[in-house]
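Below is one structure, written out as structure tokens; comments come after it.
What follows is calculated from the coordinates using simple rules that are stated; it is not laboratory data. This structure is a prediction, so every number in the text was calculated from the model and none was measured. Using ideal geometry, Cβ is built from the backbone for each residue, glycine included, and neighbour counts are taken over all protein chains shown.
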Amino acid sequence: MARSLPPVRALEYRHGTLRVLDQRALPGRVVWLRLRRLADVAQAIRTLTVRGAPAIGVAGAYGMLLAFREGCRDPQRAARTLLATRPTAVDLSVGVEAVRAAWAAGEDPEAAAEAYRHRVVEECHRIGRVGAPLFERRPRVLTHCNAGALATVEWGTALAPLRVAHQQGHRLFVWVDETRPLLQGARLTAWELGREGIAHAVITDNAAGHFMRSGEVDAVIVGADRIARNGDFANKIGTYEKAVVAHENGIPFYVAAPWSTFDAGRADGRRIPVEERDREELAGPRTRRTVPRNSPVRNPAFDVTPARYVRGFVTPDGVIPPGRLPGWLARRAAAQKSG
Ligand code: MRU
């Protein structure tokens, strides 16, 4: 019988303190950090202590709350500090704005931050229930990066349907891309799956095509950091080539995301801001030097995948093919306007 531990939670807020699970230390050590100031939260997001689009949205919401509690009188300035940390995930601005608007309107920022966290967790749970049936007959699933509970607070996006299918008794096998250079797949996704007894194997990023071509992958599911109106989407660097190889091999490719990841104001993926991160993440010396000192590096953290490679967006409200996405987003916007 496989060992099964309770699912993880990426962060929790209590009495003026945001506790975050330090994702840089995993899987070796489980370290909880206590954040009490806006600057601590900004630093935690910048350094990927807390990471994953929906989770940084929630952290941003609590960062605004901590700024309010510190006595900051300028919600706009607090918001700018948080938004300067990472540019690609639209969720960060959604979470920050949810609390900024409540604060500016004289409402309770703590209630707004709690409501935002609750909304994200509840939507991710629904993504799990909506997406689980996709994998009943396609049990060998490949995923890239970490789009689990660590990336969303609870449940995950890409991992939520796999968790729910596993809980329903379906036998799955997950191919976990290691996800260079920071190894979110090898360190974090494998850790989450292992705790819950979900069968998996970690592979190098450049092995994914081999397993797809040899018929050992039935489906691919990933998360996203920003999805444009036409379905082009940004996700962890390397996602694009997985989508192309899946397409080449006739393997359905799904993108799971809560509504906070859909950027309805952006027509397509052409100008999605792609974060470039530090040389040292790729070249060392945190572990051992892997690149000669004089060789330049480029380290984009994300890439943009055209909508034509996506079979469906797994949302809290259904699986939406890219062609139907603009209509869904327009109807949601109209419903929100009318109250
Ligand atoms: O740089 P990271 O680790 O924050 O990148 C995370 C990803 O790319 C995830 O796939 C994405 O945020 C979706 S998380 C549910």
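Computed quantities for the displayed model
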item	result
Whole-percent pair-distance distribution, where bins are 20 Å wide, for the alpha carbons of the chain	32, 60, 8
From the C-alpha gyration tensor of segment 11-123, square roots of 5λ in Å	21, 14, 14
Local electrostatic count at N299 - Lys and Arg +1, Asp and Glu -1, tallied over other residues with Cβ under 11 Å	-1
Environment charge at D218 (Cβ cut-off 11 Å; Lys +1, Arg +1, Asp -1, Glu -1)	+1
Dipole in debye (nearest 20) - segment 201-246, about Cα centre, beta carbon charges: Lys, Arg +1; Asp, Glu -1	140
Span from the segment 193-269 Cα centroid across to the segment 24-84 one, whole angstrom	27
Radius 12 Å from Cβ of Y13, net charge of other residues (Lys, Arg +1; Asp, Glu -1)	+4
Added length on full extension, which subtracts the Cα-Cα distance from 0.36 nm per residue, A335 to E122	74.7 nm
Estimated dipole of the chain in Debye, rounded to 20 [Cβ of Lys and Arg +1, of Asp and Glu -1, Cα centre]	360
MRE, 222 nm, helices only [DSSP H, n ≥ 4, -39500 (n - 2.57), over the chain, to nearest 500]	-11000 deg cm²/dmol
Under-5 Å amide H pairs with L35, H placed in peptide plane, nonlocal only	L18, R19, V20
For segment 131-338: relative contact order, % (alpha-carbon pairs under 8 angstrom, 6 or more apart)	20
Magnitude of the charge dipole, segment 11-123, Cβ model with Lys/Arg +1 and Asp/Glu -1, debye to 20	540
